[in-house]
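Colleague: Mind looking over this structure? Questions follow.
The values are calculated or read from the model by the stated rules, or taken from the named source; none is laboratory data. For clarity, every value in this text was computed on a predicted model and none was experimentally measured. Cβ: placed from backbone, ideal geometry, glycine included. Neighbour counts: every protein chain shown.
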Amino acid sequence: MLLGILIWRQISVTTMNIFVVKINCTYLEEIIGYLIYYISIAGFSLLSAVLAERVKRNTRIYIGIVVAMICVIISIIFDNLTFFIVYAFLSGLSFGIGLPPCFGYFAERTTVQNRGRNSAVIFFLLSLIFVIIAIVLKSLGKNFLTAISITLLGVVLVTALNVKEDKENEVAAGKKTRFISIISNKYFLFYFISSSIFCLIDALETPILENFLSRTFGEGFRDVILSTETFFTAFSALAAGFLADLYGRKKITIYGFIASGIAYATVGVASPYALSWYLYAIVDGIALGFFVVILIFTVWGDISTQNASEKYYALGSLPFFLVGILLKIVGPYVEIIPVNASFSFASFFLFLAVLPLMYAPETLPEKLIRRRELREYVEKAKKIREKYEKEKD
């Protein structure tokens, strides 16, 4: 269900992009539509987490699916500004209200020992499906998007019908957790600050990067760099999940910020050279894979209290979804900033984002890390002993 609802978000954004082109939206109309979309996601995501105390998870997922079906009908029949706005609101609603319960199921059905690798597999499959959808969409167009939407929502519905809610009798326990107590939790706050800084920098730098590459090297080179980054993001996320379950979430996240800072610093001082951009795509792609797995899927489930995982995920994932508003609003204006100055500025703030993590606690239990270290030590000792016995013989 989690994989399905994340694919639905990508489909809804793609459909909105088609709407913008088809009805020839002005810049202001496009901004209004996307503003409504992202605010709808944020608002209904928080509302869904609050309703977790009163409304069953499956019920909220069913509501999201029904609203998503209405969105598909709108995209087939209507193509004017009014329904573009309606589609933006309803698609944001369907995604926002369905995301917390899906994350809630994910948190309950994974453990701290395997949550990282499960997150990695989900994101890797997500990236693979996105690529397939993008390729086929160019050939078949909007009809394919409609067909895949209906199929996807049907699969999510069938899956939801077969999932049993295990903790209905523990709903009362969730009432003890309020949003204010989550925000004041240092476990949550340090990771949230670092996550927000990364999202802010990424939103400001993306239009500068794409504009500079298009003007300097051409759109073909820009597409190659973006594709390279996406490729390394998918595979680094797969590695990050397994590493996070072995070495801890905090260490992997810090490495991600350091890598991203190095990537921006490289193109900041050597932006005229194509080689620096290939290095940027590889290193920043690896860092982005680390961030997605840890700061969207894993860490909020680790630190959430009993039956309050939906609220932790609803708050923790907000920066990644709200950043779309900032990207749409400031995109045309930040492009005039010199690329050297902007990327050097970004690398500085990414290094600053590491500071909250220095004080953040590790969410992977210390005993698991020590157990892994002891196992490695024992295996190394066995190899040394075997080598010594062979030499002795």
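Colleague: Which residues, taken from segment 17-30, are surrounded by fewer than 20 Cβ atoms within 10 Å (Cβ to Cβ) and part of a helix (DSSP H, G or I)? If you could, list the steps in order and put the result at the bottom.
Modeller: Of the residues in segment 17-30, the ones surrounded by fewer than 20 Cβ atoms within 10 Å (Cβ to Cβ) are 17-18, 20-30.
Within segment 17-30, Asn17, Ile18, Val20, Val21, Lys22, Tyr27, Leu28, Glu29, Glu30 qualify.
Colleague: Still on this structure, I have one more. Kindly list the number of the only condition in (1) over 20 Å from Thr14 (Cβ atoms); (2) part of a helix (DSSP H, G or I) that fails for Leu126.
Modeller: With (1) over 20 Å from Thr14 (Cβ atoms); (2) part of a helix (DSSP H, G or I) applied to Leu126, the lone miss is (1).
Colleague: Just for segment 31-61: of the residues that are charged (D, E, K, R) and buried (at least 19 other Cβ atoms within 10 Å of the Cβ), which one is farthest from Ile77 (Cα to Cα)?
Modeller: Going residue by residue through segment 31-61, those that are charged (D, E, K, R) are 53-54, 56-57, 60.
Okay, now just the ones that are also buried (at least 19 other Cβ atoms within 10 Å of the Cβ), so 57, 60.
On the way: Arg57: 31, Arg60: 26 Å.
So the residue we want is Arg57.
Colleague: Restricting to segment 280-323, give me the number of residues that are among the aromatic types (Phe, Trp, Tyr) and closer than 24 Å to Ile225 by Cα. Give the derivation first.
Modeller: Our first condition is that a residue be among the aromatic types (Phe, Trp, Tyr); within segment 280-323, this holds for 280, 290-291, 297, 300, 312-313, 320-321.
Within this subset, residues satisfying the condition of being closer than 24 Å to Ile225 by Cα are 280, 290-291, 320-321.
Selection size over segment 280-323: 5.
Colleague: Quick one: which residue in Thr111, Thr151, Thr82, Thr59 is hydroxyl-bearing (Ser, Thr, Tyr), without any contact (Cβ under 8 Å) to a residue 60 or more places away in the chain and outside any helix (DSSP H, G or I)? Don't jump to the end; show me each part of the working.
Modeller: Numbers: Thr151 fails: outside any helix (DSSP H, G or I); Thr82 fails: outside any helix (DSSP H, G or I); Thr59 fails: outside any helix (DSSP H, G or I).
Being hydroxyl-bearing (Ser, Thr, Tyr), without any contact (Cβ under 8 Å) to a residue 60 or more places away in the chain and outside any helix (DSSP H, G or I) holds for just one of Thr111, Thr151, Thr82, Thr59, which is Thr111.
Colleague: Here is a further query. Could you identify the single residue in Leu246, Leu279 that is of a type outside the set (Ser, Thr, Tyr), more than 27 Å from Phe321 (Cβ to Cβ) and touching a residue at least 60 places away in the same chain (Cβ under 8 Å)? Reasoning before the result, please.
Modeller: On the way: Leu279 fails: touching a residue at least 60 places away in the same chain (Cβ under 8 Å).
From the options Leu246, Leu279, the qualifying one is Leu246.
Colleague: Now for a different question. Hey, any hits in segment 209-227 for a residue that's among the aromatic types (Phe, Trp, Tyr), outside the structural domain of Gln113 (by TED's automatic domain parsing), under 25 Å from Thr363 (Cα atoms) and in contact with a helix residue (DSSP H, G or I) (Cβ under 6 Å, 6 or more places away or on another chain)?
Modeller: No, that holds for no residue.
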